[in-house]
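Notes follow the structure.
Every number in this text was worked out from the coordinates using simple rules, so none of it is lab data. Quick caveat, the model's predicted, so the values are computed rather than measured.
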Amino acid sequence: MATTYTISDLAKEFDLTTRAMRFYEDMGLLQPEREGAGGRNRIYSARDRTRLKLTLRAKRLGLSLTEAKEIIDSYDSPRDTAPQLKKFLAILADHRQKLEDQLVDLQANLKEIRTHEKEANALLAKAEKAK
């Protein structure tokens with residue numbers, strides 16, 4: 001019999017709230033089976049667990065959930081991995097460029113802060129000397 005998980009099992013394993021798990025389901029990242037009265041009980045498969053693990057890895061890389069879903073969904077397609085890898089590389093290249101742009105902005109901000117700190121320290125030293 002295949003391994004299955006409850007929403008609480010996966011939430012605990014990955015240190016998530018059940019609300020986050022339901023959000024990932026709403027985004028189409030997870031597709032649990034439903035059991036019980038009115039389908040209230042979610043039953044997650046090993047595939048859902050893997051998809052959740054990949055989603056969290058993509059988030060750690062800073063990818064959006066939409067980007068994560070695109071990448072993960074591409075692995076559900078036929079076994080030709082070349083299109084999957086090309087898609088993955090394109091998303092990573094785009095994300096890397098955004099991060100590099102942010103880094104340039106951050107470095108400029110840090111340079112400006114250092115300049116203001118230097119000026120403020122010089123003014124403070126002058127003010128204390130005048131006492």
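Rounded to whole Å and ordered largest first, report the semi-axes of the equivalent ellipsoid of the chain derived from its Cα gyration tensor (root of 5λ). Walk me through the numbers before you get to the answer.
Details: eigenvalues 456, 99, 18 Å².
Rounded to whole Å, the semi-axes are 48, 22, 10.
Under 8 Å for C-alpha pairs, at least 6 residues apart: give me the relative contact order for segment 1-61, rounded to a whole percent. Could the numbers behind the result be given before it?
Details: 54 pairs, mean separation 22.4, N = 61.
For segment 1-61, the relative contact order is 37 percent.
Quick check: residue separation of M27 and D80 times 0.36 nm, minus the Cα distance between them. What number comes out in nm?
Roughly 16.5 nm would be gained on extension.
So if I take the alpha carbon set of segment 77-131, get Rg, then get Rh from the Kirkwood formula, what is the Rg over Rh ratio?
Details: Rg = 23.7 Å, Rh = 15.1 Å.
Over the Cα atoms of segment 77-131, Rg/Rh equals 1.56.
Alpha carbon centre of segment 1-51 versus segment 90-124: separation in Å?
41
Starting from the Cα-Cα distance between A127 and L99, subtract it from 0.36 nm times their residue separation and give me the gain in nm to one decimal.
Values: separation 28, 0.36 × 28 = 10.08 nm, distance 4.12 nm.
That works out to 6.0 nm of additional length.
For segment 1-61, I need the span (max minus min coordinate) of the C-alpha atoms along each principal axis, in Å, sorted largest to smallest.
38, 25, 20
Defining a contact as two alpha carbons under 8 Å apart and six or more residues distant in sequence, what relative contact order in percent does the chain show? Working shown, then result.
Numbers: 78 pairs, mean separation 21.0, N = 131.
About 16 percent, as a whole number.
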